[in-house]
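Participant: Pasting in a structure now, in structure tokens, and then I'll have a few things to ask.
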Amino acid sequence: MPTDRNAESRLFISLMSGTSVDAIDVVLARIAGRVPAHPAAGAVRATVLRHVVHPWPKVLRSRILGLPNSPVEVAELCALHFAISRHFSAAVGRLLRQEGLRPRDITAIASHGQTVCHRPPLALSSRLLRRPGTRPGSTLQLGNVAVIATLTGIPTIGDFRAADMAVGGQGAPLVPLADKLLLTHATRTRAIQNIGGIANVTWLPPGRQPEAPVLAFDTGPGNVLLDGLTRWISRGRQSLDRDGAMARRGRVRERLLAGWRQHPFFRRRPPKSTGREEFGAAQISGLAMDAGGYSPSDLLATAAELTAWSIADAYQQFLPTLPEEVILCGGGANNSDLMRRLVRRLRNLGCRRCARIDTLGIPNQAKEALSFALLAAATLDGVPGNLPSVTGARRAVRLGVIAMP
């Protein structure tokens, strides 16, 4: 892999499409400095130069959303793999034209890919098997890096999660490396709370404690249940409860909430990760059936309260100490009803300050894509991108597959 002509400042394009399959976030980022082998706050700087949203065509989005809970022919999966690759490539081409850039101006593309299946390692009970053991982890992100590199003319790095899983890790979350590099506070303990389709937290010790390990894990559903229930309630006419307008009018049904809180994921200890396999269409159908005669607003209010409760409960159960400061990001941070519920619970725990990530100079919607740009830079710099204290991997490994045009 050739090195960049200006080693101190490199341009990356990062492509991110999350669990909700809302759109592709396309970020042009400048990364100054090399990613250090032993990550330390301030060692590298990353700046969002441009962020654009590239919508998924409705038909393609429907095909992606239908994958996790329905039988799919291999031919359909194969066709989707390439269709997604071409759509990612088109998003890159559009950004290059808008910015007046040429492929040779870009060091590399970081492509998260579109996750269609994520099955973390799972300890299997001896009650179920003659011999207790562990189900190996596996994950699948569609979007072929060789196709993207060939169509764009830019080296492309993707398939970030597989290497961590190969050494026993969860394959997620992977953004904590970027969180540690960019968001560690000198004197305060921080939690970076992302609420995408799935919610996850990164617990960062203060910078004055450089040897203290970072902890991160998925806390449970973020927007995935809210969005799925909105689609079910509206019979597909609405994809989300914008700003929590319907949930705000509803009443939390405590008996219903108590039943939903029994999901075994919430009691599972970190390292842990999850996805639509546990909080997808089957779960949404179950929630809807449990709702009985409750109004749509009550159903959404209860689902929003579940998300807020699951985050606060995870802090109480699993964080080494409660954070002094919580930084909120992800699509859920734009939902004022959900934020009201969450902030109330966090303050009741004793978290003194809650703020959006925008207040730190990182645009909210671009944050996750920026994190994967840093992971791509780490790959090029020969530095491991996973944190074993986070994923449970046996060792730190270099992440991603590099495809040349």
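Participant: Restricting attention to the range 58-75, and to residues there that are surrounded by 13 or more Cβ atoms within 10 Å (Cβ to Cβ) and either touching a residue at least 60 places away in the same chain (Cβ under 8 Å) or of a type in the set (Val, Ile, Thr) (or both), which single residue is nearest to residue 22 (Cα to Cα)?
Facilitator: 64
Participant: Separate question: When only residues in the range 315-341 that are of a type in the set (A, V, I, L, M), in contact (Cβ under 8 Å) with a residue 40 or more places away in the chain and outside any loop (DSSP other than H, G, I, E, B) count, which is nearest to residue 254 (Cα to Cα)?
Facilitator: Looking at the filtered set, the residue picked out is 338.
Participant: Right, next: Of the residues 301, 312, 376, 308, which is in the same structural domain as residue 29 (by TED's automatic domain parsing) and either outside any loop (DSSP other than H, G, I, E, B) or surrounded by fewer than 16 Cβ atoms within 10 Å (Cβ to Cβ) (or both)?
Facilitator: Working: 301 fails: in the same structural domain as residue 29 (by TED's automatic domain parsing); 312 fails: in the same structural domain as residue 29 (by TED's automatic domain parsing); 308 fails: in the same structural domain as residue 29 (by TED's automatic domain parsing).
The conditions single out 376.
Participant: Can you find even one residue in the range 76-88 that is within 26 Å of residue 362 (Cβ to Cβ), buried (at least 20 other Cβ atoms within 10 Å of the Cβ) and β-branched (Val, Ile, Thr)?
Facilitator: Looking through the range 76-88, none of the residues is within 26 Å of residue 362 (Cβ to Cβ), buried (at least 20 other Cβ atoms within 10 Å of the Cβ) and β-branched (Val, Ile, Thr).
Participant: Which of the residues that make up the range 240-296 are under 30 Å from residue 168 (Cβ atoms) and either basic (Lys, Arg) or exposed (fewer than 15 other Cβ atoms within 10 Å of the Cβ) (or both)?
Facilitator: 261, 262, 264, 267, 268, 269, 272, 276, 277, 282
Participant: Would you say residue 220 is in a strand (DSSP E or B) and under 21 Å from residue 341 (Cα atoms)? Let's see the steps before the verdict.
Facilitator: Working: in a strand (DSSP E or B): yes; under 21 Å from residue 341 (Cα atoms): yes.
In short, yes.
Participant: Please tell me if residue 42 is in contact with a Gly (Cβ under 6 Å, 6 or more places away or on another chain) and either in a loop (DSSP other than H, G, I, E, B) or under 30 Å from residue 214 (Cα atoms) (or both). Steps first, answer last, please.
Facilitator: Values: in contact with a Gly (Cβ under 6 Å, 6 or more places away or on another chain): no; either in a loop (DSSP other than H, G, I, E, B) or under 30 Å from residue 214 (Cα atoms) (or both): yes.
No; evaluated as a whole, the condition is false for this residue.
Participant: Taking the criterion of being within 23 Å of residue 38 (Cβ to Cβ) and not β-branched (Val, Ile, Thr), would at least one residue in the range 327-340 satisfy it?
Facilitator: There is no residue in the range 327-340 that is within 23 Å of residue 38 (Cβ to Cβ) and not β-branched (Val, Ile, Thr).
Participant: Please determine, by comparing only the residues of the range 146-163 that are β-branched (Val, Ile, Thr) and buried (at least 24 other Cβ atoms within 10 Å of the Cβ), which one is nearest to residue 112 (Cα to Cα). Give the steps one after another, and end with the answer.
Facilitator: Filtering the range 146-163 down to residues β-branched (Val, Ile, Thr) leaves 147-148, 150, 152, 154, 156-157.
After this cut, where a residue has to be buried (at least 24 other Cβ atoms within 10 Å of the Cβ) as well, the list is 148, 154, 156-157.
On the way: 148: 12, 154: 15, 156: 10, 157: 8 Å.
The qualifying residue nearest to residue 112 (Cα to Cα) is 157.
Participant: Can you confirm whether residue 257 is farther than 22 Å from residue 64 by Cα and in a helix (DSSP H, G or I)? Give the steps one after another, and end with the answer.
Facilitator: Numbers: farther than 22 Å from residue 64 by Cα: yes; in a helix (DSSP H, G or I): yes.
So residue 257 passes the test.
Participant: Can you go through 161, 188 and tell me which one is basic (Lys, Arg), closer than 22 Å to residue 19 by Cα and at pLDDT 90 or above? If you could, list the steps in order and put the result at the bottom.
Facilitator: Values: 188 fails: closer than 22 Å to residue 19 by Cα.
Testing whether each residue is basic (Lys, Arg), closer than 22 Å to residue 19 by Cα and at pLDDT 90 or above leaves just 161.
The values are calculated or read from the model by the stated rules, or taken from the named source; none is laboratory data. Source: prediction; values computed, not measured. Cβ atoms come from the backbone with ideal geometry, glycine included; neighbour counts cover every protein chain shown.
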